[in-house]
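Undergrad: Got a structure here, written out as structure tokens. Questions coming.
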Amino acid sequence: MGKVVVNIKGVKCCAFCKYWWDPSCRYIQPYQRDQWSYDNAAKCRCIKRSVDTLAYASCGNYKCKIEL
Ligand code: SF4
């Protein structure tokens, strides 16, 4: 577990969701073009579902916080 690089156009994980309470974006980092890295061991509050979720989790309410 740790930093992994993904194409944010192809993933719907909590780390990149606007409902995941990481306002300073400390668990995500731009890498190149649409590639971003994130810390998949991180856990934050989902303010949509009111539960703590892991960065690599996902659900049908996903909304990307990054403008694509
Ligand atoms: S659980 Fe769903 S709504 Fe909540 S942060 Fe993750 S993808 Fe977004």
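Undergrad: Kindly establish whether residue 49 is open to solvent by 40 Å² or more (accessible area, probe 1.4 Å), in contact with a strand residue (DSSP E or B) (Cβ under 8 Å, 6 or more places away or on another chain) and of a type in the set (D, E, K, R).
TA: Against the criterion (open to solvent by 40 Å² or more (accessible area, probe 1.4 Å), in contact with a strand residue (DSSP E or B) (Cβ under 8 Å, 6 or more places away or on another chain) and of a type in the set (D, E, K, R)), residue 49 does not qualify.
Undergrad: Pairs only if they're at least six apart or on different chains, beta carbon under 9 angstrom, first in region 23-36 and under 10 Å from residue 8 (Cα atoms) and free of Cβ contacts under 8 Å to residues at least 40 places away in the same chain, second open to solvent by 90 Å² or more (accessible area, probe 1.4 Å) and polar (S, T, N, Q); list them, first residue then second.
TA: 36/29
Per-residue answers, yes or no, for (1) surrounded by 13 or more Cβ atoms within 10 Å (Cβ to Cβ); (2) modelled with pLDDT under 95; (3) near the ligand (Cβ under 9 Å from one of its atoms); (4) not charged (D, E, K, R):
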{"position": "19", "(1), (2), (3), (4)": "yes, no, yes, yes"}
{"position": "25", "(1), (2), (3), (4)": "yes, no, no, yes"}
{"position": "42", "(1), (2), (3), (4)": "yes, no, no, yes"}
{"position": "57", "(1), (2), (3), (4)": "yes, no, yes, yes"}
{"position": "64", "(1), (2), (3), (4)": "yes, no, no, yes"}
{"position": "67", "(1), (2), (3), (4)": "no, yes, no, no"}
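The values are calculated or read from the model by the stated rules, or taken from the named source; none is laboratory data. These figures come from a predicted structure and were not determined experimentally. So basically every Cβ, Gly included, is an ideal-geometry build from the backbone, and we count neighbours across all protein chains shown. Please note that ligands, DNA and RNA were not included when accessible areas were found on the heavy atoms of the full protein model with its side chains. Shrake-Rupley method; radii C 1.70, N 1.55, O 1.52, S 1.80 Å.
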